[in-house]
Amino acid sequence: MKIDIITTSKSEHIAKSLSKNSDFNIIYIGKNKDGQRYFPDGEVYVNLGELSGQKTVVLHSGAPDPNDGLVELEFVLGLLKDKQINPIELFITYFPYGKQDSIFKDGEINAAETLIRKWINFYGVKKIYIVDAHFMGRDWVDKYPIENISSIGILKKTALDKYPEISFISPDAGGTRRNNLCGFVKKRKNSYNIEISGDKDMEENIGGKIVGVVDDMIETGGTMVSVCEKCRTLAH
């Protein structure tokens, strides 16, 4: 049985690679009468054409346009629900709003869990695969059918092949939680400015060594820049 893979517009580059597998039937989102996926006012257009009705996987990336991407994904899931396509699985290469995965002060929302809960409870998604989910290890994750697909092992092996003595560290507590690595303490002032501190153990892990910083995503690059500067300071 072939698997229908519906790709949103930001995942088409991956779908093209998957199209080489004869077990997959790749479905691209159609375009409007203007040959576009957006109307002149910026609204998103979605057309899936005919569907086989068999097992369906929706392939999606939240980058580089998380908001437009979520609208597109919402329309795709809505069409599948209306057509009673079942089962539906979701494969996300970059999770939109993945860093908003906890409530730190009153008035905030756990955006990541809210999205997952809606996809499962309202649209009937049976399973969600996520590449290096930022929120893995959070208490709420185990309530949902989520499978984390990590690329970190492959990347670490590649680095070890070239630098056998490399020491891997985490840039912050979140990375320590996800990857079980010794890490720095990070205090974020805003989206662009952070403070990094390390203890004696970090000095021992860094001093005189080649260091590999393992993180799951990059936005402004502020964390990685600060960690690199801190590593250089501790190394001397």
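The values are calculated or read from the model by the stated rules, or taken from the named source; none is laboratory data. On a predicted model such as this, the values are computed, not experimentally measured, just so you know. Cβ sites come from the backbone with ideal geometry, for glycine too, and all protein chains shown count toward neighbours. Quick note on the areas: whole protein, heavy atoms, side chains included, nothing else; ligands and nucleic acids left out. Shrake-Rupley method; radii C 1.70, N 1.55, O 1.52, S 1.80 Å.
Apart from one condition, I3 fits all of (1) in contact (Cβ under 8 Å) with a residue 40 or more places away in the chain; (2) under 18 Å from T93 (Cα atoms); the exception is (2).
Here N179 meets each of (1) open to solvent by 30 Å² or more (accessible area, probe 1.4 Å); (2) modelled with pLDDT of 95 or more; (3) of a type outside the set (D, E, K, R) with one exception, condition (2). When K81 is tested against (1) open to solvent by 50 Å² or more (accessible area, probe 1.4 Å); (2) out of contact with any helix residue (DSSP H, G or I) (no Cβ under 7 Å at 6 or more places or on another chain); (3) within 30 Å of V213 (Cα to Cα), just one condition goes unmet, and that condition is (3). Filtered by the rule that a residue be buried (at least 17 other Cβ atoms within 10 Å of the Cβ) and assigned to a strand (DSSP E or B), region 29-70 gives V44, T56, V57, V58, L59, H60, S61.
Mind listing whichever residues of region 146-168 are open to solvent by less than 50 Å² (accessible area, probe 1.4 Å) and without any contact (Cβ under 8 Å) to a residue 60 or more places away in the chain? Steps first, please.
Taking region 146-168 first, the residues open to solvent by less than 50 Å² (accessible area, probe 1.4 Å) are 146, 151-152, 159, 166-168.
The answer is I146, S151, A159, I166, S167, F168.
Here are Y144, Y192: which of them is among the hydroxyl-bearing types (S, T, Y), in contact with a helix residue (DSSP H, G or I) (Cβ under 7 Å, 6 or more places away or on another chain) and within 30 Å of F122 (Cβ to Cβ)?
Y144
Looking only at residues in region 182-228 that are polar (S, T, N, Q) and under 21 Å from the mean Cα position of the chain (by Cα), the one that is surrounded by the most Cβ atoms within 10 Å (Cβ to Cβ) is T223.
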